[in-house]
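Any read-out appearing in this document is the output of simple, stated calculations on the displayed coordinates, not a laboratory observation. All figures in this text were calculated on a predicted structure; none of them were measured in a lab. A quick note on method: Cβ atoms are made from the backbone with ideal geometry, for glycine too, and the neighbour counts reach across all protein chains shown.
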Ligand code: FES
Ligand SMILES: [Fe+2]
């Protein structure tokens, strides 16, 4: 099995201790981490196969028989709502010859693989397989979909491909005090639209952009940076091992509305790839998914507060799309820089970019385990 030591040798990288010392001083991870196929393979195995990732809103699996499909890294996953009321998750791969069980969300009492018709219960157990009575030694009762871990985080359903993973509630305990509040508010917001973005950059380049706001006054001067106060005395960031939190006040509203008294923007990120946020008008949940060493895809499901000024809501939804398009442009261009082979590491501005240091340390330690 591939290990970090093999990757270090292949790319003549510093030792993990040296990389960690560099991170402490404000260096970024080595540039190779952002394009080497071996690092990507290691990340799939050591990060995405073992981490909690956003799957769907609870409404997608609200009643018995409902199921939702998602991916956690390269693992296809199906979440089911059983007759007993339990949410369960399985690798969305048939035990016959590995077709998916479902390609889209739906609602059925049984899950039938569309390829040859093997039929599973919502508990993952194989019930019937066509022509099984003609087989010697074939016992449906011994076959089941491969389980994964599922947990609710308020209205959000998260999955972890590792059924023995530590609970999401434990991993994100240091942020629950903040997220309890925003999720209670966001629960009332109504779904509007899904934004999707295809990037030609490593997933970490995009995630790192999402967890710092040092770029907000420049890159987003006519979008996020116009809407919110983003200078360091107003805009707060904090991070734990697996969590990052941002909050900042609203600076400007269309129609000369006074932002005084509004709660402002609040943002929660959980390692490696999921995030949700809201302000007084709109909210969202999203995730970035690795697609290849230098490709990723992100979706952001936008919600709006019922009864909020429709002029602001419309403007805010457009502002977020513009912000995320600006992010995509920047991260695609950064990838060329990482790829250049001329710059071994970047240099963080730790007062503003401390969440990146935390993100990079968590990445390094996951890969080194
Ligand atoms: S692959 Fe599912 S029934 Fe054949
Ligand atoms: Fe941004």
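Laid out as a table, the results:
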{"quantity": "Helix-derived mean residue ellipticity, 222 nm - over the chain, DSSP H n ≥ 4, -39500 (n - 2.57), to 500", "calculated": "-8500 deg cm²/dmol"}
{"quantity": "Rounded, prolate or oblate (a/c below 1.5 giving rounded, otherwise prolate when a/b exceeds b/c) for the range 271-369 by Cα gyration tensor", "calculated": "prolate"}
{"quantity": "Highest-fluctuation residue, 55, 136, 358 considered, GNM on the chain with Cα pairs under 10 Å", "calculated": "136"}
{"quantity": "Separation between Cα centres of the range 348-369 and the range 259-302, rounded to whole Å", "calculated": "19"}
{"quantity": "Residues residue 3 and residue 74, FRET efficiency given R0 of 25 Å [Cβ-Cβ distance, rounded to 0.05]", "calculated": "0.85"}
{"quantity": "Sites residue 84 and residue 369 - FRET efficiency at Förster radius 35 Å, r taken between beta-carbons, to 0.05", "calculated": "0.45"}
{"quantity": "Length released on extending from residue 251 to residue 336, taking residue separation times 0.36 nm less the Cα-Cα span", "calculated": "27.2 nm"}
{"quantity": "Fewest-first ranking of 115, 235, using other Cβ atoms within 10 Å as the exposure measure", "calculated": "115, 235"}
{"quantity": "Relative contact order [Cα under 8 Å, 6+ residues apart], the range 53-169, whole percent", "calculated": "25"}
{"quantity": "Inter-probe distance in nm under a simple model that places probes 7 Å from Cα toward Cβ, at residue 11 and residue 181", "calculated": "3.9"}
{"quantity": "The range 1-60 and the range 119-162: distance between their alpha carbon centers, rounded to Å", "calculated": "31"}
{"quantity": "Pairwise label distance in nanometres, residue 138 with residue 262, each label 7 Å out on the Cα-Cβ vector", "calculated": "6.2"}
{"quantity": "Cα-Cα P(r), the chain, percent of pairs per 20 Å interval", "calculated": "27, 54, 18, 1"}
{"quantity": "Spin-label model distance (nm) - residue 193 vs residue 110, 7 Å beyond Cα toward Cβ", "calculated": "4.2"}
{"quantity": "Kirkwood-Stokes translational diffusion coefficient of the range 173-368, alpha-carbon pairs, 10 °C, 1.306 mPa s, µm²/s", "calculated": "92"}
{"quantity": "Cα centroid of the range 194-238 to Cα centroid of the range 64-104, whole Å", "calculated": "33"}
{"quantity": "Taking 243, 200, 331 and counting other C-beta atoms within 10 Å, the order from fewest to most", "calculated": "200, 243, 331"}
{"quantity": "Potential lengthening between residue 131 and residue 154 on full extension [0.36 nm per residue; Cα-Cα distance subtracted]", "calculated": "3.9 nm"}
{"quantity": "Extension reserve of the residue 100-residue 291 stretch, reckoned as 0.36 nm per residue once the Cα distance is removed", "calculated": "66.9 nm"}
{"quantity": "Contact order normalised by residue count of the chain, Cα under 8 Å, 6+ apart, percent", "calculated": "21"}
